[in-house]
Amino acid sequence: VQLQAFGGGLVQPGGSLRLSCTTSGINFGLYAMGWYRQAPGKQRELVATITNLGTTNYADSVKGRFTISRDTAKSTVYLQMNSLEPEDTAVYYCNAKGRLTDFWGQGTRVTVSS
């Protein structure tokens, strides 16, 4: 099983980034997918999740700015991040949660700074 997250980078406050997480080795259509993040010195926190039926859930801190989506044909989950703030700086991880299994990707770093 592999989850590969990419798309991070350095962006100015107010800017946008789109993260992608490609998966292999799982039946993508049976998994809920999520994005989590971990800022320096802080615990990992939920950013957004999307069920296999497309129901989404967001942390209050990103509602209205971030959008999670999934493409079953490509076994990929996305996180569109707009109006980025310095507080969004973190390593972002994708997660695949099945009924009995839970997989994590390696993370991609997002830095929001002028």
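The values are calculated or read from the model by the stated rules, or taken from the named source; none is laboratory data. Keep in mind that what you see is a predicted model, and the values were worked out from it rather than measured. Heads up, the Cβs are rebuilt from the backbone with ideal geometry, glycines too, and the neighbour counts pull from every protein chain shown. The area values use the complete protein model at the heavy-atom level, side chains included, leaving out ligands, DNA and RNA. Shrake-Rupley method; radii C 1.70, N 1.55, O 1.52, S 1.80 Å.
Which residues, taken from the stretch 46-102, are of a type in the set (Ser, Thr, Tyr), open to solvent by less than 20 Å² (accessible area, probe 1.4 Å) and in contact with a Gly (Cβ under 9 Å, 6 or more places away or on another chain)? Walk me through how you get there before you give the answer.
Going residue by residue through the stretch 46-102, those that are of a type in the set (Ser, Thr, Tyr) are 49, 51, 55-56, 58, 61, 67, 69, 72, 75-76, 78, 83, 89, 92-93, 101.
If we keep only those that are open to solvent by less than 20 Å² (accessible area, probe 1.4 Å) too, we end up with 76, 92.
Selection gives 92 alone.
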### Summary
Output for Cβ contacts, cut-off 7 Å, separation at least six or different chains, first residue in contact (Cβ under 8 Å) with a residue 40 or more places away in the chain and part of a strand (DSSP E or B) in the stretch 98-110, second open to solvent by 100 Å² or more (accessible area, probe 1.4 Å) and not small (Gly, Ala, Ser), reads 108/6
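Matching residues to (1) modelled with pLDDT under 95; (2) more than 15 Å from residue 4 (Cα to Cα):
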position: 31; (1), (2): no, yes
position: 45; (1), (2): no, yes
position: 57; (1), (2): no, yes
position: 69; (1), (2): no, yes
position: 76; (1), (2): no, no
position: 79; (1), (2): no, no
position: 86; (1), (2): no, yes
position: 100; (1), (2): yes, yes
